[in-house]
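To start, the structure under review is shown below, and the notes come after it.
Bear in mind that the values in this text are calculations on the coordinates, not laboratory data. Just so we're clear, the structure is a prediction, and the values are computed from it rather than from any experiment. Backbone-built Cβ (ideal geometry, glycine too); neighbour counts: all protein chains shown.
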Amino acid sequence: MIFLDILYKLWYPYNNIIHVRLENRKDGTNMKKQGKKNRIFAGIAAAVMAVSATAVGMRSYSANAADLELDNYAKLLQYSLYFYDANMCGDKVEEQSAFSWRGNCHTGDVALGGFHDAGDGIKCGQTAGFTASTLGWAYYEYKDQFQKTGTTAHFKVISDEFNEFFKRCTTLSGDTVTSFIYEVGDDGSDHGKWFAPEAMWDHGSSETYSTTNGASDIAAQYAASLAQSYLNFGNEEDLKYAVALYNFADKYRTITYDQNTYGGAAKDVQDDISWAAGWLYLATGEEPYLTENSKYTQVKNDWTQDYCYANSQLGAAIINAEITGNWSFATNYIGQKVNANQNQFYVMNSWGSARYDVLMQFCALVTSKYEQSGVDYTEWAKKQMNYILGDNNANVCLVVGYNDVSATSPHHRAASNLKVSDDWHEWGAWDGKYSSSNGHVLYGALVGGPTSTDFTTYKDDARDATSNEVAIDYQVGLVAAAAGLYDKYQTGSVVAQIGDEVTVYPDEVAVANGGGVTTTTTTETTTTTTGTTTATDSTPAETTTSAQTTTTEPQTNPSGDSAFTLTDVAFDTDIDLQPYSDITSIDVIFSAADGAFYNGSVTFDGWNEATSFTSTDLKNQMLTVTPSKEYGKMTVRKYFGDVTLEKVIVHTKGSAESTTTTKVTTTETAVITTEAKTTTEISTTTTPVVTTTIVTTVTEAVNGDVNGDGTADLTDLVMLQKYLVRKEMLTAEQSSRADLNADHVLNVVDAMLLRQLLLKQV
């Protein structure tokens, strides 16, 4: 312990200047090209101290839990996404960011867009790939929770920006990657300035680093994220790039790069390749990917096996367990961490301790979600999140802007609004606190956290990068853990307002205002048409008026299916679906200028089955949605961009032999007026009510018979596979028949079991 204390005291004076100073260290080495590489070394050294220190139990904070909002997981999920708005980069920041104080930056970059790594202006492929693939994983596991909280649209903007950036970074020749960009920005140059990204390099380009035969770890991470995007949202172009990048990573299997902010943390490529292979197996069902995914146990990493930007081994193991049912690796590893940290804050590494804590929470929650794992770590995760939200000795919430005890001074150049000179005079005079008049609240950002398990070392000071750095890979664990906790406990609610400088997403506002659930009542009515004629004996002065009601005529195709075209439609206006039964799909047609950027969502009966869209999603400016049940109304919402809603085509399943045609009805009233006596004749025609009796034949359910036709066959397998890639919805009854292993979760395991069943039949 004496040695560790000496090591820490010798190192500590340097840890607070790693991100801001370019000077010679006392040992004579130059820090200019060290940057965050020193953060890695420092983290390792401090981790030794943290792990070796005597455990100190956490006291329970005395404040009311309601004041800290310890169990408001809906709000936590909502807030956690907004950090990414602060770190957007490129020429669409002003359009996309929810923060009014962020503007366009680095508009001359070869690889335009993406996200800054931390409180800086670098776009680092290692953390970006890890962050995006963890985000995709979280949505894959907890899609319903994003939809319930109205955060799907916000999530998709972030996910799309990551994945579009990865594709812009990749050069393809056919289906082969010839080169890709793995980092934009120079570590030394960037961290030698304390400017908002809008002021860096006069909006010019950043240094670009690419490779034709290296950085396999980063290529694999890009591949994993793109495969997830295909699974989550069905973009086939994403799958194409995912396969190509995976093949590139698998071919070269090497860590070589001229510049990598985190290069010193990379020890192996097998963890990243195993990770990507698992997702590509889920996306394609091709067995070689599963074989490669199973090699995660061969990974040798001498720093950490925790799931983090430097090691995807545990993530690969969990995905493998979801596929194969073998949870031993995941549960053995997570169990050690949980059991050793029941009554203290989990500190795997003292630099950014909260980052590793929330990522471990996420892994524990996903593992607990599956009954086959045989474990339940949810209470442990809940306790760890309580520490983070303020139930700790320091009386501090590590999520900025979340509650009254939130940290106020994250290590973030743009939010600090501090404009320092090149000679660092202003930095040297700064006390590390954000000015209430100049600084901005970085809502939702997770700061690094304490270096000790008892929180006594935490200091709310932006100059202390160890405890107050914020970064995209820090944040992703908070997003994922919040979604997992909300899935488990279903507590809390989103808010309609966050701050004066924040534009809250419309979906979130609607859910906050009670728009999440809408009940629709359908009433059958009898239509009566009445004609009235008035006549006199005198010369008439005649006036004729007519009232015309027009309905849509169905266009019946040879199969008997019908398509109804609706042209009187508009954004944010309810479209009545009640006249249509047995809806199979709905085409939403847009009109926009070439290259226009826009996004929005399609929802049913308020906010059910929300489907988000962006201009990059839509081919031929058309979105097809397939509601899982009959709804009373549909609403198309626009969030950003210059785009017009042209028409909606409702496809229904009909019968060629008995097609109902709705006619145009015109009612004319002739009024003849004189001063003489009048006689009035009234004739009434009532449209009869037609009662149709539907006879339903119930067939005994067959295991694997997804479509319910009484037989398990290839059509059922296709139906299940479409569901797994998010191209088709299943009813509750269909889902039950598709759940072959009866674990209440539909995944690739059920598809494999169904394939085995069909092979046995053959």
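Segment 258-307: which trypsin sites (Lys or Arg not before Pro) are DSSP loop and have at most 16 other beta-carbon atoms within 10 angstrom? Those satisfying the criteria are Lys300.
With R₀ set to 25 Å, the beta-carbon distance separating Lys300 from Ser328 gives a calculated FRET efficiency near 0.85.
Highest average first, the peptides 646-653, 242-249, 354-361 ordered by how many other beta carbon atoms sit within 10 Å of their residues are 354-361, 242-249, 646-653.
The dipole here belongs to segment 293-363: it is taken about the Cα centre, uses +1 on the Cβ of Lys and Arg and -1 on the Cβ of Asp and Glu, and is about 80 debye.
For segment 247-392, the relative contact order works out to 17 percent when only alpha carbon pairs closer than 8 Å and six or more residues apart are counted.
Near the amide H of Cys397, within less than 5 Å, lie the amide hydrogens of Val405, Ser406, Ala407, all on another chain or at least 5 residues away, with H placed in the peptide plane.
Here r is the Cβ-Cβ distance between Gln372 and Gln336 and R0 is 22 Å; the resulting FRET efficiency, rounded to 0.05, is 0.65. A simple spin-label model places the labels of Trp101 and Asn247 4.7 nm from each other, with each point 7 Å out along Cα-to-Cβ. The mean sequence separation of alpha-carbon pairs under 8 Å and at least six residues apart, normalised by the residue count of segment 151-241, gives a relative contact order of 30 percent. Under a 5 Å amide H cut-off, with hydrogens placed 1.01 Å from N, Ala445 pairs with Val400 among residues at least 5 apart or on other chains. Working note: Karplus 6.51/-1.76/1.60 with θ = phi - 60° gives segment 575-589 the couplings 9, 6, 9, 4, x, 10, 10, 6, 5, 9, 6, 9, 9, 10, 9 Hz, where Gly and Pro are set to x.
Using the Cα coordinates of segment 59-133, the gyration tensor eigenvalues translate into equivalent-ellipsoid semi-axes of 32, 15, 10 Å, sorted from longest to shortest. Less than 5 angstrom separates the built amide H of Leu566 from those of Val648, Ile649, Val650, all sequence-distant by 5 or more or on a different chain. Here the Karplus curve 6.51 cos²θ - 1.76 cosθ + 1.60, taken at θ = phi - 60°, turns the phi angles of segment 290-298 into couplings of 5, 4, 6, 4, 6, 7, 4, 5, 8 Hz, with x standing for Gly and Pro. Using C-alpha pairs under 8 Å with a sequence gap of at least 6, the mean separation divided by the residue count of segment 584-644 gives a relative contact order of 51 percent.
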